[in-house]
Amino acid sequence: MNDAFVIEGASVILPDRMAKVAVRIENGAIAALDGPRDGARVIDGRGMILAAAMIDIHGDAFERQMMPRPGVMIPTEAALLETDRQLAANGIATAYHALTLSWEPGLRSVATGFEVVETLAAQALRLTVENRVQLRWETFCFEALPLIEAALAGPLMPALAFNDHTTMGVLDSSCPLQTRPFDHDPAFPVVDMNSSAFAAKMEPRAKRSGMHVADFTALMRDMWKRRAEVPSAIAAAGAKARTAGAPMLSHDDSQPETRDFYRSHGAGISEFPMNTTVTRAAREAGDWIVFGAPNAARGGSHLGSPGSGDMVAAGLCDILASDYYYPAMLIAVARLQADGIGRLPDLWKLVAANPAAALGLSDRGEIVLGKQADLVLLDWPEGSVPVVRHCFVKGRTAYGAIAAG
């Protein structure tokens with residue numbers, strides 16, 4: 001049987017331009033641009049836009065499938081299968097689930113992390129898109145190192161993100177989060193962890209972990225006592241990732257010194273830098289820079305960090321991640337285009353070609369001969385919100401929807 005098909009009539013986002021070309025897909029790859037049909041099935045793309053399917057470098061919306069309400073857990077298999085369907089429906093063909101590996105019990109525990117990694121492996125043949133993991137490692141979570149090592153040896157290379165919400169959590173309220181000192185600064189300003197204000201701050205974390213606030217704050221104090229062990233754990237995890245050839249990121253950088261530290265361990269990607277000073281330092285060093293697509297879609301950050309749209313306009317953002325909302329990547333590109341921030345072929349790189357390059361996925365992210373046929377066909381009337389009508393992964397239909405009209 002000939003599994004080839006041709007998408008005709010669409011406006012195609014090519015690496016450097018928009019063009020009306022017929023795209024032939026065969027054996028899971030892009031086989032021809034404006035080549036012969038040769039008996040291939042034809043998909044009518046008239047009035048639509050064809051683009052490389054999106055690549056999500058950091059998405060944690062899957063957590064809401066696993067825990068839709070605080071303390072209410074859904075079976076992992078069901079949650080991940082539902083997440084997979086959402087990804088396909090939003091045109092995301094490759095997703096890195098930001099899997100937080102924390103010393104906290106519950107949703108973000110190492111035990112849950114193992115369960116997610118094992119479930120994704122067991123369900124691989126039932127999934128419609130390529131589900132990978134970003135090992136979003138809390139650097140105080142020493143017991144996560146065996147999981148990191150196991151995941152690095154798996155069939156789909158994960159990314160490793162250095163994440164330190166412990167130090168952020170104990171920051172004294174007099175110091176702004178966005179410009180806090182380097183996490184390993186001996187003079188880091190620490191809150192009174194016995195105060196009622198600190199207990200109130202920890203309440204949401206305690207609820208997520210299924211713990212009483214007093215027990216959670218006691219656990220936080222105990223973890224903070226192990227601060228001196230963190231640098232050696234970071235070095236060990238970084239060495240494992242470098243040996244495996246895994247991409248690495250640092251999360252919520254607040255100082256150039258922070259960025260320099262993690263880059264020295266192999267993290268060439270700055271994820272959600274928290275101010276323009278560190279963002280410019282990352283740019284000058286040649287790092288990849290990631291911001292959240294929801295911020296660009298909404299028009300600003302809910303935390304007071306740099307706005308993604310402003311960073312794109314300033315040339316200080318290479319990649320937009322779904323963060324906590326899968327539809328945001330497509331909506332963000334549409335808003336940036338409508339606001340005149342850039343041409344669509346350039347903006348589309350933020351969600352496809354650039355994350356592919358940063359993550360070492362040289363086989364996808366562009367409509368180029370020989371590349372993997374991960375494609376999305378968009379219903380995108382001028383001035384309207386775009387909608388995914390078809391999503392293809394390696395030439396296979398992952399999602400298809402026909403409008404009522």
The alpha-carbon center of the stretch 1-79 and that of the stretch 150-186 are separated, in whole Å, by 33 Å
Lys and Arg at +1, Asp and Glu at -1: neighbours of residue 154 with Cβ under 15 Å from its Cβ sum to -2
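Specify, per residue and in Å³, the volume enclosed by the convex hull of the alpha carbon atoms belonging to the stretch 296-405. If you can, show how the numbers build up before the last one.
On the way: hull volume 13.9 nm³, N = 110.
Spread over its residues, the Cα hull of the stretch 296-405 gives 126 Å³ apiece.
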Fewest-first ordering of 217, 277, 128 by Cβ atoms within 10 Å yields 277, 128, 217
In Å, the C-alpha Rg and Dmax of the chain are 21.7, 74
Counting lysine pairs in the chain that sit 8 or more positions apart or on different chains, with Cα atoms under 29 Å apart, gives 9
Per the charge dipole of the chain (beta-carbon charges, Lys/Arg positive, Asp/Glu negative, Cα centre), the residue among 204, 329, 155 reaching farthest to the positive end is 329
Calc'd 3J(HN,Hα), the stretch 216-227, phi into Karplus 6.51 cos²θ - 1.76 cosθ + 1.60 (θ = phi - 60°), Hz, glycine/Pro = x, comes to 5, 5, 5, 5, 4, 4, 5, 5, 4, 5, 9, 3
Among 141, 175, 76, the residue whose Cα sits farthest towards the positive end of the charge dipole of the chain, when +1 is placed on the Cβ of each Lys and Arg and -1 on the Cβ of each Asp and Glu, is 76
Here the stretch 269-276 yields Karplus 3J(HN,Hα) values (6.51, -1.76, 1.60; θ = phi - 60°; whole Hz; Gly and Pro given as x) of 10, 9, 9, 6, x, 9, 7, 6
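Charges only on Cβ, +1 for Lys and Arg, -1 for Asp and Glu: so what's the dipole of the stretch 247-294 about the Cα centre, in debye to the nearest 20?
Details: 4 positive and 7 negative charges, 22 e Å.
The calculated dipole for the stretch 247-294 is roughly 100 debye.
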The simple spin-label model distance between residue 396 and residue 239, using points 7 Å out along Cα→Cβ, in nm, is 3.9 nm
If one compares the long axis through the Cα atoms of helix 328-338 with the longest principal axis of the Cα atoms of the chain, the angle in degrees, nearest 10, works out at 70 degrees
Place a point 7 Å from the Cα of residue 20 in the direction of its beta carbon; the residues of the stretch 33-53 whose amide N falls under 15 Å from it are 34, 44-50
Ordered by fewest other Cβ atoms within 10 Å, a rough proxy for footprinting exposure, 30, 331, 319 read 331, 30, 319
Residue by residue through the stretch 242-256, the couplings from Karplus 6.51 cos²θ - 1.76 cosθ + 1.60 with θ = phi - 60°, in Hz, x for Gly and Pro, are 5, 4, 7, x, 7, x, 10, 10, 10, 10, 6, 4, 10, 9, x
Quick calc: nm separation of the 7 Å Cα→Cβ label points for residue 114 and residue 191 -> 3.2 nm
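Using a Förster radius of 35 Å, what is the FRET efficiency between residue 280 and residue 362 based on their Cβ-Cβ separation? Nearest 0.05, please.
After rounding, the FRET efficiency stands at 0.80.
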Length gained if residue 257 through residue 225 is fully extended, taking 0.36 nm per residue and subtracting the Cα-Cα distance, is 9.2 nm
At R0 = 30 Å the Cβ-Cβ FRET efficiency linking residue 207 and residue 150, nearest 0.05, sits at 0.50
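Among 364, 37, what is the fewest-to-most ranking by other Cβ atoms within 10 Å? Don't skip to the end; give the middle numbers.
Numbers: 364 24, 37 14.
Going from least to most buried by this count: 37, 364.
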Working note, the stretch 1-115: Cα radius of gyration (Å, one decimal) and Dmax (Å, whole number) are 19.7, 58
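Can you give the Rg/Rh ratio of the stretch 67-164, where Rg is from the C-alpha atoms and Rh is the Kirkwood radius? Kindly include the intermediate steps, with their values, before the conclusion.
On the way: Rg = 13.1 Å, Rh = 13.8 Å.
A ratio of 0.95.
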Stokes-Einstein D for the stretch 330-391 (10 °C, 1.306 mPa s, Kirkwood Rh from Cα pairs), in µm²/s, comes to 126 µm²/s
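Roughly how many debye, to the nearest 20, is the charge dipole of the stretch 54-363 about its Cα centre, given +1 on each Lys and Arg Cβ, -1 on each Asp and Glu Cβ, and no other charges? It would help to have the intermediate numbers written out before the result.
Details: 26 positive and 35 negative charges, 56 e Å.
With only Lys, Arg, Asp and Glu charged at Cβ, the dipole is about 260 debye.
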Net charge (Lys, Arg +1; Asp, Glu -1) of residues whose beta-carbon lies under 9 Å from that of residue 70, residue 70 excluded, is +3
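Every number here is computed from the coordinates shown, using simple stated rules; none is lab data. Source: prediction; values computed, not measured. So basically every Cβ, Gly included, is an ideal-geometry build from the backbone, and we count neighbours across all protein chains shown.
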